[in-house]
């Protein structure tokens, strides 16, 4: 059971879906009262569509993403002594999930704390969640831009990121975030990214950097942000012992 409070991802989107469901529901009720069935039916379909999107989005942000990340981390088989970086950690959903699997290892989370991308996003909230989850001794939280990470080369055994890199607006800057994540990864380390768009470009950047085992796969309905079109893709890759990078 999670003890922390992790807010809502893209709260504006959830509000929009909910508002559209409410409006279409009212219009459908009026239509069934005043119009024949053939006219009321299509309006009701919009209500069902928007309600389904709202419920899916709410489930994913409050429960589904946590379950999927538990499965993702299960497949990684952490030993417990790793150094891990969470890029765009937000309020710490993945950060604390990783920390629970560590013993002598440590996980560092970095973010710029945008409240547009996650409600109530703030460094002190993340620190508090780590404390509530009982993993403060394994967690460090810093303010940093993913395009310019304040860490030396080959610092981390594992780099993770969940629904963060797509928030960087330009393609060049998203590519730079991938380059930085790969730079701070140790040889034979792994990078694991879950995102809703641009993962093919991330994969291309990693291949240019000579990453190995670059794989992409769609995650299930628990990680849909309203519908399958807005589903989440998982990207994984490894850093070889002697990568010959071509970052430019």
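Some points to look at:
For every residue, the table says whether it meets (1) touching a helix residue (DSSP H, G or I) at 6+ places or on another chain (Cβ under 6 Å); (2) within 17 Å of residue 4 (Cβ to Cβ).
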site	(1), (2)
68	yes, no
91	yes, yes
95	no, yes
100	no, yes
127	no, yes
148	no, no
158	no, no
167	no, no
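- Among helices (runs of 4 or more DSSP H) entirely within the range 1-117, having at least 3 residues that are surrounded by 21 or more Cβ atoms within 10 Å (Cβ to Cβ) singles out 37-59, 93-99.
- Taken over the range 150-179, residues that are free of Cβ contacts under 8 Å to residues at least 60 places away in the same chain and either surrounded by fewer than 17 Cβ atoms within 10 Å (Cβ to Cβ) or farther than 25 Å from residue 119 by Cβ (or both) amount to 12.
- Single match in 217, 222 (criterion: in contact with a strand residue (DSSP E or B) (Cβ under 7 Å, 6 or more places away or on another chain), over 21 Å from residue 112 (Cβ atoms) and either free of Cβ contacts under 8 Å to residues at least 24 places away in the same chain or part of a helix (DSSP H, G or I) (or both)): 217
- Qualifying residue in the range 147-167 (condition: modelled with pLDDT of 95 or more, part of a strand (DSSP E or B) and farther than 30 Å from residue 221 by Cβ): yes
The values are calculated or read from the model by the stated rules, or taken from the named source; none is laboratory data. Bear in mind that the values here come from a model prediction, so they are computed numbers and not experimental data. No Cβ is skipped: glycine too gets one built from the backbone with ideal geometry, and neighbour counts run over all protein chains shown.
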